[in-house]
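Below: one structure, written as structure tokens.
The values are calculated or read from the model by the stated rules, or taken from the named source; none is laboratory data. Everything quoted here is computed from the prediction, not taken from an experiment. With ideal geometry, Cβ positions are generated from the backbone for all residues, glycine too; neighbour counts draw on all protein chains shown. Calculation scope for accessible area: heavy atoms of the full protein, side chains included, ligands and nucleic acids excluded. Shrake-Rupley method; radii C 1.70, N 1.55, O 1.52, S 1.80 Å.
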Amino acid sequence: RGVRSGWLMDIIIVGCGKRGATLAEQLTEEEHNITVIDLQESRLTSVTERYDVLGIKGNGATIPVLQNAGADHADLLIAVTQMDELNILSCMVARKLGAQNTIARVRNPEYIDVMPLIKGDSGLSMFINPEQACAEEIARVLRLPSMIKVESFAGGNVDLLEFIVGERSRLKGLELKNLWKINASILVCLVTKKNGDVVIPSGDYQIEEGDRLIIAGKRTEEIKFLSQTGMKTNRVKSMIIVGGGRIGYYLAKMMGETGVHIKIIENDRERCMQLIEEMPGVEIINGDGTDQQLLIEEGVSKVDAFASLTGLDEENIMLSLFVQSASDAKLITKVTHNSFSKVLRMLNIGSTFSPRLVATENILRFVRAMKKSPDSSEVQALFRIADDRAEAVEFLVGEGSGLTEKNISDMNIRDDVILGVIIRKGKIIIPRGMDMLLPGDRVIVITTEKLDSLKDIIR
């Protein structure tokens, strides 16, 4: 499904590194007009040969280069070079030239407190710190360690939870139409089978061992559901992190603030000294996190959670596989390259996270929400789920949607779409056939196709 012409935007990406290339790939799939800027010819060639984009060689913070790229009429400029300062400057100049919106990647932890202060004055629409955003996603999962992934909607009042049905699960063999036997108001929105197939389930669907279910509902109801089906709902109390880089730093700060006892194992002694100074409440160990004996000595068999966050995907995967055999800890594995996704589904390495993909998702969410659709429904939030093969979109229902004040059972909704949750004046509704949408409602839609507007849910 292509994007409607009313949604086409002129977007400039400054920086053709890994993150810039990922953005170019995703945004060309959305069929926007993309121009990329970089100083290195080889990077430009790599991106322009793979994707339908225009490449301009030069410094993306200078007026002539930005003018050549069309910054004066651009809908959005995204600056993702390796230099935070260059990204901020590029956005400021582009705004002065006439760009409607700008996004800067800012990774330095020292700028965390500065960016909110200068955001308005610099003309930034948004700034993104990939490592911090990734740590926030990990922290959400660690609040419910039985989950693979947790996505929040409606200001945190509604969660999409993803988990694997185990051998002894009460859900095994249950048809969805009989889910009422478990006394909790939730909806199973999506199923990923063992073979990787993604299913929008009907009431006759029978849950099997190994299915990855995504459920939606009010947080209290979801916790009740998890508890009644035998899954852990308690938060972690102790954690080992291997890798004291940016993600490890942000994650330790977030989890430490909730009272979790944390150990960070870091090989670089100088980095250890920095961490000791910046996080006095965290236990810092200078050592090789891949040393199995060291992990055992530090109590990996007893902790509630283990995060492998080194700079090497292969190392992180092997670490998680070892810990899986030696501990019942909740596993967190940093995997930068999405090309591993099919293989990772077959491995028991817990929840996988990529700062690059988290940042890209956040930017795509912003892009999708920038313009109103023709039916006046607005995208409030968007998440890629099921290894990017489905989407969960939160729409604000507009007056012109044509879908209001009629029974959901009469709407002729497409087979690849499911209405997950309706949020009405703070009330969470799991929709049934006789329910209706009203103007001002927020509705969470799960689909295996891309939706340009709420109207697209109809056949």
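Across every pair of non-identical alpha carbons in segment 96-176, the mean reciprocal distance, once inverted, gives a Kirkwood radius of 16.2 Å.
Summarising the strand pairing of the chain, around 55 percent of its internal DSSP beta bridges are antiparallel.
Volume per residue of the convex hull around the Cα atoms, evaluated for segment 230-352, comes out as 105 Å³.
With a Förster radius of 30 Å, plug the Cβ-Cβ distance of SER238 and ASN348 into 1/(1 + (r/R0)^6) and report the FRET value to the nearest 0.05. It comes out at approximately 0.90.
With all protein chains kept in place, the per residue accessible area of segment 195-299 amounts to 50 square angstrom at a probe of 1.4 angstrom. A 1.4 Å probe run over the protein chains yields, for segment 1-152, 43 Å² of accessible area per residue, whole-number rounding. Using only the C-alpha atoms, the convex hull of segment 334-459 corresponds to 128 Å³ per residue. In terms of its C-alpha gyration tensor, segment 39-132 comes out oblate, because a/c is 1.5 or above while a/b does not outweigh b/c. Shape descriptor for the chain: Rg over Rh equals 0.97 (Cα atoms; Rh from the Kirkwood inverse mean 1/r).
A 1.4 Å probe run over segment 346-459, with the rest of the protein chains in place, finds 39 Å² accessible per residue. The alpha carbon gyration tensor of segment 149-299 gives principal lengths a ≥ b ≥ c with a/c of 1.5 or higher and a/b greater than b/c, which makes the shape prolate. By accessible area, using a 1.4 Å probe on protein heavy atoms only, the chain has 47% of its surface on carbon and sulfur. Across segment 182-331, C-alpha contacts under 8 Å between residues 6 or more apart give a mean separation that, scaled by the residue count, equals a relative contact order of 19 percent. Once C-alpha pairs closer than 8 Å and six or more residues apart are averaged by separation and normalised to the residue number of segment 10-155, the relative contact order reads 18 percent. Taking 25 Å as the limit for the C-alpha separation, the pairs LYS149/LYS194; LYS218/LYS302; LYS194/LYS253; LYS193/LYS450 exceed it in the case of LYS218/LYS302; LYS194/LYS253. Note on MET318 and GLU277: the extension gain reaches 11.7 nm, defined as 0.36 nm multiplied by sequence separation minus the Cα-Cα distance. Note: relative contact order over the chain, using C-alpha pairs below 8 Å and six or more positions apart, is 11 percent. log₁₀ I(q)/I(0) of segment 389-459 at q = 0.28 Å⁻¹, via Debye over equal Cα point scatterers, no solvent, to two decimals? So the normalised log intensities work out to -1.60. Our helix-only sum for the chain, with -39,500 (n - 2.57) per DSSP H run of n ≥ 4 divided by its residues, gives a mean residue ellipticity at 222 nm of -8500 deg cm²/dmol. Of the whole protein surface, VAL93 contributes about 30 Å² of accessible area at a 1.4 Å probe radius.
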